[in-house]
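Every number here is computed from the coordinates shown, using simple stated rules; none is lab data. What you see is a predicted model; the values in this text were computed from it and never measured. All Cβ positions, glycine included, derive from the backbone under ideal geometry; neighbour counts span all protein chains shown.
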Amino acid sequence: MRAKIVAGNWKMNKTLEEANTLTSEISGMVADEVRGDVKVVLCAPFPYLLPVKKLIGDQTRIVVGAQNCSEHEAGAYTGEVSAPMLASMHIPYVILGHSERRQYFGEGGALLAKKVDVALKHNLTPIYCCGEPLEVRERNEHEALVKKQVEESLFHLDAETIKKIVIAYEPVWAIGTGKTASAQQAQDMHAVIRKHLAGKYGQAIADSISILYGGSVNAANAKELFACADVDGGLVGGVSLKSREFVEVIKSI
Ligand code: PEP
């Protein structure tokens, strides 16, 4: 049975006060309304990780995640945040390879493989993002690109270690655009990713890895997306900033 996960990616949004309000609202609603087998991950900006974690308290269904970490463990890297720092704050998840990091910060496969390794070394669960830009889909090269993204940053892991990864398929053309992939497009790509994992690690391991869909998920489309056989939850951007709608998305799983 794969873990069902809905992660909210707050990106670079909210003041501290607003982050506290959002956390309290989500936490209260999740406690009252969400089934016990769904894991909710709030990926807050670095400065808010500890305040958000404190507000969540002993609510076990919600945990905190970071949106990135350095490939280095320590040293003269001004402005960076390391995996050991996150681990020392007991932050269990970290998003790696988000398309905005790839696009604006030039992150690519080899660097992301290092980030995956350092995160795992410090017992963080990477939520590894992959996904194709529109022009790649229009050339019908989307499956090849996503398989390559998975290979170049994850396929160096051994069979025991790959089980610790969560994958998020996020077509770049659907992120923050209001254009979501159809349920069929999402299912097709998730099946491609799972088959690729099975080819390398065997079906049992591939079947144990959660693959989330991300890209303009909202309360109106989440049910259909989450009903797909190979979609194990969502990575949610814009809607994760609105407590009521985010909880409706979580309840759609
Ligand atoms: C994201 O940033 O990971 C994302 C999926 O954003 P949105 O839901 O706003 O498309």
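General remarks:
- The distance between label points at ALA3 and ASP32 comes to 2.8 nm (points 7 Å beyond Cα on the Cα→Cβ vector).
- Annotation: for a label point projected 7 angstrom from Cα along Cα→Cβ of ARG139, residues of the stretch 156-198 with backbone N closer than 16 Å are 172-173.
- Neighbour-count ranking [beta-carbon atoms within 10 angstrom, fewest first] of THR125, THR15: THR15, THR125
- As a rough footprinting exposure proxy, the listed residues ASP207, ASP32, ASP230, ASP58 were ranked by other beta carbons within 10 Å of their own, and the order from fewest upward is ASP58, ASP32, ASP207, ASP230.
- When the chain is treated as a Gaussian network with alpha carbon springs shorter than 10 Å, the biggest mean-square fluctuation among LEU96, LEU49, LEU212 belongs to LEU49.
- The stretch 28-93: proportion of alpha-carbon pairs further apart than 19 angstrom, %: 37
- Note on PHE105, PHE246, PHE155, PHE226: ascending count of other Cβ atoms within 10 Å places them as PHE105, PHE155, PHE226, PHE246, the fewest first.
- Percentage of interatomic Cα-Cα distances in the stretch 77-222 larger than 28 Å: 18
- Helices in the chain, meaning DSSP H runs of at least 4 residues, each add -39500 (n - 2.57). Divided by all residues, the mean residue ellipticity at 222 nm is -13000 deg cm²/dmol.
- Each residue of the chain gets 117 Å³ once the volume of the Cα convex hull is shared out per residue.
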